[in-house]
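Accompanying notes for the structure given below.
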Amino acid sequence: MRSQIDPSNFEKRYESFRDDDGEWSFEIQEYHADLNLITPSDVPATLSPKEAYRAAVFLEGFIQEKKSTGDWSDSVLDGFNKFESTIEVEAVAKALRELSNQNEPI
């Protein structure tokens, strides 16, 4: 996913998911199946900013729910195809939020 961010400004905890230019080193489409396990309706493989916002809200809600119950650990992700760590889930949520803030073409 391409998102131009000044490398000095992104959070250190996500640096393993960013390239040297500060861009996300993964494509959101890689997480399509996992996002569909969390959202109540189908998330398209290619997301518009509006769809990215919707996916971000549900993913952030999932994260907050698991954190509030003390269940936010890598083991909670065992039922997912692509998600392997909580930091990866948080990075995808952050990337979705950034995508949702982009303007849609007119």
Rounded to the nearest 500, the 222 nm mean residue ellipticity computed for the chain from DSSP H runs (n ≥ 4, each -39500 (n - 2.57)) alone is -13000 deg cm²/dmol
How much length would be gained if the chain were fully extended between Glu60 and Tyr14, taking 0.36 nm per residue of separation minus their Cα-Cα distance, in nm to one decimal?
15.0 nm
All-pairs Cα distance distribution in the stretch 12-100, expressed in whole percent, bin size 10 Å:
17, 53, 28, 2
Around Glu30, with a cut-off of 12 angstrom between Cβ atoms, what is the net charge of the other residues, counting Lys and Arg +1 and Asp and Glu -1?
-3
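The numbers here are math on the coordinates, done by the rules we state, and not lab data. All of these numbers come straight from a predicted model, not from anything done at the bench. Here the Cβ is made from the backbone with ideal geometry for all residues, glycine too, and neighbour counts use every protein chain on show.
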